[in-house]
Amino acid sequence: MENFWFYINMGLNHVLDLSAYDHILFLSALAIPFTFKNWKKVLLLATVFTITHCLSLMLSVFEIVVMDVSLIEFLIPVTIFLTAIFNIVYLKSLQGYKSILLHVVSTAFFGLIHGFGFSNYFKMLISR
């Protein structure tokens, strides 16, 4: 049980670290097109991101999927940029009802990339 709380604490420190600007930028970019009345959509997207982030972390730690570190470090800021551009285009084309499906799919993909990024740091910690 001690290990469980160690990993929970590590995860919370990772997510809530104010110097982890990639999370803050990504979640800000993710929420751009939504108002406070759409908080459920933002919560859904944050949940999808978290689940896929954890999935890729697990896949990487157990070496089921091995990713090139330099590629992942390059892709993290690209995902933030693409999310911001996608949402700006989404805002400009708001005509009638818009499906959130494309947001969910892209958020899941980007969550995988960010999880692989954290896995490199995580593997360094557990190998000590």
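Each helix, a run of at least 4 DSSP H residues, gives -39500 (n - 2.57); summed and divided by the residues of the chain, these come to -26500 deg cm²/dmol at 222 nm.
Using C-alpha pairs below 8 Å separated by at least 6 residues, the relative contact order for the chain is 38 percent. Pairs of lysine residues in the chain that meet both criteria, 8 or more places apart or on different chains and Cα atoms under 26 Å apart, total 6. Run the paramagnetic zone check for Phe6: 7 angstrom along Cα to Cβ, then residues of the stretch 32-72 with backbone nitrogen under 20 Å. Counting backbone N atoms under 20 Å from the label point, the list is 57-63. Annotation for the stretch 73-89 versus the stretch 16-57: alpha-carbon center distance of 13 Å. Only alpha carbons enter this Debye calculation for the chain, each as an equal point scatterer, and the log10 of I(q)/I(0) it gives at q = 0.11, 0.14 Å⁻¹ is -0.41, -0.65. Stokes-Einstein diffusion for the stretch 67-128 at 10 °C, viscosity 1.306 mPa s, with a Kirkwood radius from C-alpha pairs, works out to 119 µm²/s. Evaluating 6.51 cos²θ - 1.76 cosθ + 1.60 at θ = phi - 60° for every residue in the stretch 70-78, the Karplus couplings come out as 5, 5, 5, 5, 6, 6, 4, x, 5 Hz, glycine and proline recorded as x.
When the P(r) of the stretch 1-51 is calculated, the portion above 12 Å amounts to 70% of the C-alpha pairs.
Throughout, read-outs are computed from the coordinates displayed, never taken from laboratory work. Computed from a prediction, not measured in an experiment: that's the story for all the values here. Here Cβ is always computed from backbone atoms with ideal geometry, including for glycine, and neighbour counts include all displayed protein chains.
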